[in-house]
Each structure stands twice: as structure tokens, then as C-alpha cells.
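A short write-up of the structure that comes next.
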Amino acid sequence: MRDKACIIKYENGIATVIPLLSDTCINCNSPTCAKRGTPFQASNPQNLKLKSGDIVKIEAPATTQIAQGFLSLIVPILSAVAGYFLAEPVAKLWGIPVTESMRTVGVLILLALSTGIIFILSKTWLKLSKPQVTAVIHSVNTVSLESCPL
């Protein structure tokens, strides 16, 4: 997540911001880079005095970062381990001897299954909180979008 953004609109505690160009993007010609960043909304839980044109620091809430880390790292790893150990009961159920190939297939199947479930949940059911404005890096004296380096 970008850590600096420029406020283009602020109403009712919600800032519409656009990500700022970083040093690594200076020579980038990609149509999806920060130079052509898409505006998004961020909350202002600290009730900072914000106005259009301010440069702010944006962070994801800690709970969102923990949930993201758990879902993207821990769940797939545990699923892969479970796939390894579930190969033996499945082999016994089918009446065949367990092999390393079966364990590998079990790992891959449960890894793919957990990845698919996480993808579906993240697009439908999981609604993680908005990024938060945590600090004003540069405040402008006049309300003007020209102060946003777009």
C-alpha cells in the first residue's frame, strides 16, 4: 500500500485521496502505475484537520494487516500441511498404499482449495476497513488541487 497520498476531497470524516508518485516510479511507463493512480477513500479516525491539497500519510489498520497476513500466509501453509497428512487416511479409504506422490497431490489440492476459498471470500464476504489517514505531511494554506503533484 502506498504510504503517501494527496487529498482531492474531504467530507464527513472521509478523505478521497490519490496515491503519490514514488521515487521508484519516476521512469515507469506502465499505465497502472502511481502516476495514474486511482482515487480511493480513507478514514480520518484521529480527526486531523484535513483539506483538499494536503499531503498525508496513509496506513492500513493493524487489524486489517493481521487478517491479511493470516489469510495469505498461515491458512495456505496449514492447508498444505493438512493435505500432506490427510493423504494417508484417504489412501486407506480407497484401499491403496500411500505414496509420496499422493502426499504431494494432497498438498497441492488443499493448497489450491484454500487459495480459491480465500480469493472468493476476499471478493465477496470479507470487507476489510478503509485505509486511515495517520498524519499530515504537508498542509497547504489554500484549498487547491494544484498542490497535488499528479
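The values are calculated or read from the model by the stated rules, or taken from the named source; none is laboratory data. Everything quoted here is computed from the prediction, not taken from an experiment. When we count neighbours, we look across all protein chains shown, and the Cβ atoms used for this are built from the backbone with ideal geometry, even at glycine. Only protein heavy atoms, including side chains, enter the accessible area calculation; ligands, DNA and RNA are left aside. Shrake-Rupley method; radii C 1.70, N 1.55, O 1.52, S 1.80 Å.
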Does any residue in segment 73-88 that is touching a residue at least 40 places away in the same chain (Cβ under 8 Å) and of a type outside the set (A, V, I, L, M) come within less than 7 Å, Cβ to Cβ, of a residue that is open to solvent by 70 Å² or more (accessible area, probe 1.4 Å) and part of a helix (DSSP H, G or I) six or more places away or on a different chain, and which pairs are these?
PRO76/THR115
The one condition in (1) part of a helix (DSSP H, G or I); (2) within 30 Å of ILE7 (Cβ to Cβ) that ALA135 fails to fulfil
(1)
Could you list all residues from segment 73-118 that are open to solvent by 40 Å² or more (accessible area, probe 1.4 Å), polar (S, T, N, Q) and assigned to a helix (DSSP H, G or I)?
SER101, THR104, THR115
Does GLN46 qualify as being under 30 Å from SER139 (Cα atoms) and part of a helix (DSSP H, G or I)?
no
Working only within segment 119-150, note down all residues that are within 15 Å of the chain's Cα centre (by Cα), more than 20 Å from ASN44 (Cβ to Cβ), modelled with pLDDT under 80 and surrounded by 11 or more Cβ atoms within 10 Å (Cβ to Cβ).
SER122, LEU126
What number of residues within segment 1-24 are at pLDDT below 60 and surrounded by 15 or more Cβ atoms within 10 Å (Cβ to Cβ)?
1
Residues in segment 119-132: is at least one charged (D, E, K, R) and not in a helix (DSSP H, G or I)?
yes
